[in-house]
1. Taking a virtual spin label 7 Å from the Cα of A:Ser280 along the C-beta vector, which residues in region A:158-196 bring their backbone nitrogen under 15 Å of it?
2. Calculate how steeply helix A:731-742 sits against the longest principal axis of the alpha-carbon atoms of chain A, using the helix alpha-carbon long axis, and give the answer as 0 to 90 degrees to the nearest 10.
3. As an exercise, use a Förster radius of 41 Å and the Cβ-Cβ distance of A:Leu649 and A:Phe856 to find the FRET efficiency, rounded to the nearest 0.05.
4. Contour minus end-to-end for A:Ser320 and A:Gln611, with contour as 0.36 nm per residue of separation and end-to-end as the Cα-Cα distance?
5. Note down the net charge around B:Thr178, summing +1 for each Lys or Arg and -1 for each Asp or Glu among other residues with Cβ under 15 Å from its Cβ.
6. Percent of Cα-Cα pairs per 10 Å bin, from 0 to the last occupied bin, for region A:554-701, please list those.
7. Quick one, what does Rg over Rh come out to for region A:42-149 if you take C-alpha atoms and the Kirkwood Rh?
8. I'd like to compare A:678-690, A:578-590, A:791-803, B:157-169: which one has the highest average count of other Cβ atoms within 10 Å, and what's the full order after that?
Amino acid sequence: MMRTEGTSPDELLAALKKEETRRKRGTLKVFLGMCAGVGKTYAMLEAAQKAKRDGRDVVIGYVETHGRKETDALTEGLEAIARKPVVYRGVTLTEMDLDAVLKRHPQLTLVDELAHTNASGSRHPKRHQDVQELLDAGIDVYTTLNVQHIESRSDTVREITGATIHETVPDTILGDAELELVDLSPEDLLQRLAEGKVYIPERTEAAIHNFFREGNLIALREMALRLAAERVGQDVRDYMQARRIAGPWKTGHRLLLAVSPSPYSEQLVRWTRRLADSLSCTWIAAHVETPRMLSEEEQNRLTRHLSLARALGAEIRATSDDDVVHGILRIARGQNVTQIVVGKPDVFGPLRFLPSALWLSRLVRESSGIDVHIVRVEGADAPRRFWSWRMPAEGEWPQYLKAAGIVGTVTLLNLLLAPFLGPHAMGLIYLAAVVALAVFLNRGPVYLAAVLSALLWDFLFLPPLVTFYIGKVEDAMMFAMYFIVAVAMGHLISRLGARERMDRRREERAAAIYMLTLELGDASTWKEIERAVLNNVERSFKAKAALMLPDATGRLQGDLPDKEFSAAVWTYEHARPAGRFTDTLPMTEAMYLPLRTTGNSLGVLRLHWKQTSPPTIEQRNMLDGFLRHIALVIDRQRLREVKDQARVLAESERLSHALLNAVSHELRTPLAAIETASSSLQSGLDATVQDALIGEIRQASERLNRLVANLLDMARIESGHVKPHLDWCDVHDLINAALKRAGSHLANRPVSIDISPSAPLVRADFSLMEQALVDLLLNAAMHTPAGTPVEIHIEVKDRTIAIIVADRGPGLAAEALPRIFEKFYRAPGAAAGGTGLGLSIVKGFVEANGGHVQAFNRPAGGAMFTITLPLQEQPTV
Amino acid sequence: MNPETDQSRLALIIDDEAQIRRLLRITLEANGYKVIEAGNGQDGLVEAATRRPDVIILDLGLPDLDGLTILKRLREWSRTPVLVLSVRESDEDKIAALDNGADDYVTKPFSTPELLARLRVALRHAQPAEEQTAFRNGGLEIDFAGRLVTLKGKPIRLTATEYSLLRLLARNAGKVLTHRYILKEVWGPKATQETHYLRVYVARLREKIESTPTQPVMLITEAGIGYRFSASE
């Protein structure tokens, strides 16, 4: 098939992304040397001086000249940020003051020795992390680095020089960096060394001299040159891609490395990284979780390997499957992987039938279109014991004892039974015991029981007795069969048990996520969300959790000591984990995890682990799931709030419109009446006309007074300023007070009151309830013809009391019923005058008192309003 | 409506609204009072000290000093009756004013007859009245010396608490008494929050002395404030 020449969409996207991040982030320029003394710092300062001459704002973040004059001279004219003293165990060290540099925010900062390890107690353990933060802030950085400090090369360096490199930087930091090779021939370097021009700390002098052998230097130089050359190749490719120049490259390679807890996996990680680098492709570190329980040590090793892979730029994938081959291939196919990397097992030759060799051939066979690299690992060649014996984990010893104990007990039983039963029946009893053990114990102890019981059977019961010698062929066969069956049964059953345990674990994990989803689904307020999050996190991780969210101004809220809080803020601002068990501020008590959706940092989850070891891969995976889900819910809630606000705004707009309409009419009418009447009064009319006019003025002013009172009441309800002053109220009193105030308006409407004298006291705000009743009575007066009887009575139920105001008027229109308590709503055909506020005030006041109000049509005609209030236990007098 | 004494009374109006002051002046002068005005609290205190008015009408919402402060300062040296003007929403202000020495309150907007009646009650209570021995109102008679209460000539049996409540209200007839004040006077200083005592005892008293207990004419509830014994004049 013809491969299309050109750029795949993936690559183009990656190239564009690269361009974009470049524009926002600062750029990193690395002055790379083969080792100390080649003049990296010098070259960096020279470049800095040039940049300054070009008008850039250059600042020294941290430069170590070791007092050399030529180098010192080059720092002149460059502003240096004062270093920050860090006291650790009584020794004062100085480090780059990251915050000061960030605050100063120059265009370009010089930071020497990228691989440096910061003093304990600094924000980041490693200087390259400081540099990342500077870059994130949009500051360009010049830095220096020796090739041996690059993570993926450190193995090779160790192989060449024998020196273990502790200070390494992940290859990812070089990803987008510009490399400038500072080259010096080994002869020149050795000469400079002899002249004392290379700074060497005194205590390591001997080791260093061992290091500076010509052979080493040649190898290191080659590595540095090769790295630079590879980089040039990649730069060219990037350039061509960015400008869509068709090139000779193949489309998207993708590597997958199968990571295991084996100690050799680490080298494989580095190897794969180098391969990915030279293929310039992405890579995945995959782990397949099998039913086999990992010991704590293995678990830690696996975690370390996967984090190393992450640091080296790998994507991490984990899956669980009984069969490693299936798991790997599933991930590989799902991720469009083109090449798989696995370690070369050490069990070829006479043992090729063992599962560890078999799975490899199966992988090769079943991988069909995918290439498989089988990589030899340094150290794995050493001859290993025929039977690899794993020391039992701490917790397993009692199981071995138990196994031996049960076999012993069964033997005693068999000895008792020996006079009655033949040797073959004994064998079956042993077998039954082994099978029973397999249900409860791990594989190791079951094997022990199988072997032990076989030997005991042979020794004690198979003739000739008390020897291991077996006389009859039949017995020998029985013995062999026994052995095979016991081991096989033990193996199968304990594997079943292990699978069950894994299933249970998986189920627990699924259940945990499900519970979180369920509880978060039910949560509709921030408080409920927080409670659901904290409950679930604490239950699933045995860690104390806290949810930290920003306030309206976008600042993170939290009540924590400064150090803890600054870690939380860092996490929030960078949307990256910080705190305990991470690379950033690891000295804090708790871990801080970002809650983010695409592009948005929504808050921080604080986790105070009870365990002292870092979270396992399993926990991290689950935590990732939790974080994603929590972030989604927080986002959803935020959006909901925004929507609500928009809705409230639209509603209030509609209301203010209605208000203006209603009020302008209602205000103008009585004002006009007063104005007209009072001007007529001045013109001196006879007494009866005068009286009539005065009556008009009074009526108009009363109407105005009521309108203003209504508007004020409404405003109080709207603004939430109705703070009921709850007190014991006598219902008789309430109704009397209301009747007295509404009395003049009820003219001609007979009011009948039917309240038993023993009505209970109600806990309510007297004035608010009085006003609500007045408004109900006025409503009745306004909407019924004169002479209509009005009834007031109460109904006392178990925990509530209802005050009912009913009339025999025309009743309520069907379409008005559901809307009657809305603001400014006026029933169709309502008499002129009135704003449609009265009943909404009733509703507001009654609800402020913890009650509710309803409107009905009476079966025999007329409207009925029911105010229901909760009844408290009656006070004793 | 005549002034009750031969010489006309001097009333001080402290209110920042010129229109209200004007209106009050017209009304009061028409009813035989002499009137002085103050537009803010400071001036009001000065006028009160220099002119020694017989009664003060004080608006609670003044721009410079709040009504309570003025009341407290005034009460440091003067027993002059004070009638407070307030709006409907400010129950708490009214209670605070009454508890701090105001004699009564009138809610804006108010009617002239009501204002004049309140002024008369305030002035009457300011009289250094000799200890009354008996109280008469409608059919109700209270003989303070004999602790005897009769309604239309028939003796009424009251418990000790009911009697002291009735006596307190009757002695202050026409004047509003706050819940707090009544509770303190009748049940003691520890009971000032136990308003349900009042609800229960007032209801019992109404049963005994009012002709229609559900529509009382003597023991009047002042919504959210307290009670008033409304004397028929």
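Quick note: the coordinates plus some simple rules give every number you see, no bench work behind them. A quick note: this is a predicted structure, and the numbers were derived from the prediction, not measured. Reconstructed Cβ throughout: ideal geometry from the backbone, glycine too, with neighbour counts over all protein chains shown.
1. Only A:175-179 fall inside the zone, counting backbone N under 15 Å.
2. Rounded to the nearest ten degrees, it is 60.
3. E(calc), rounded to 0.05, equals 0.75.
4. Values: separation 291, 0.36 × 291 = 104.76 nm, distance 2.43 nm.
Going from the current span to full extension adds 102.3 nm.
5. Values: positive: B:Lys94, B:Lys175, B:Arg180, B:Lys184, B:Arg199, B:Arg228; negative: A:Asp727, B:Asp91, B:Glu92, B:Asp93, B:Asp99, B:Asp103, B:Asp104, B:Glu185, B:Glu194, B:Glu222.
Combined, the nearby Lys, Arg, Asp and Glu give -4.
6. 10, 23, 16, 9, 8, 8, 9, 9, 6, 2, 0
7. Values: Rg = 13.6 Å, Rh = 14.3 Å.
Here Rg/Rh amounts to 0.95.
8. On the way: A:678-690: 10.5, A:578-590: 19.8, A:791-803: 15.4, B:157-169: 17.3.
Ranked by mean Cβ neighbours within 10 Å, highest first: A:578-590, B:157-169, A:791-803, A:678-690.
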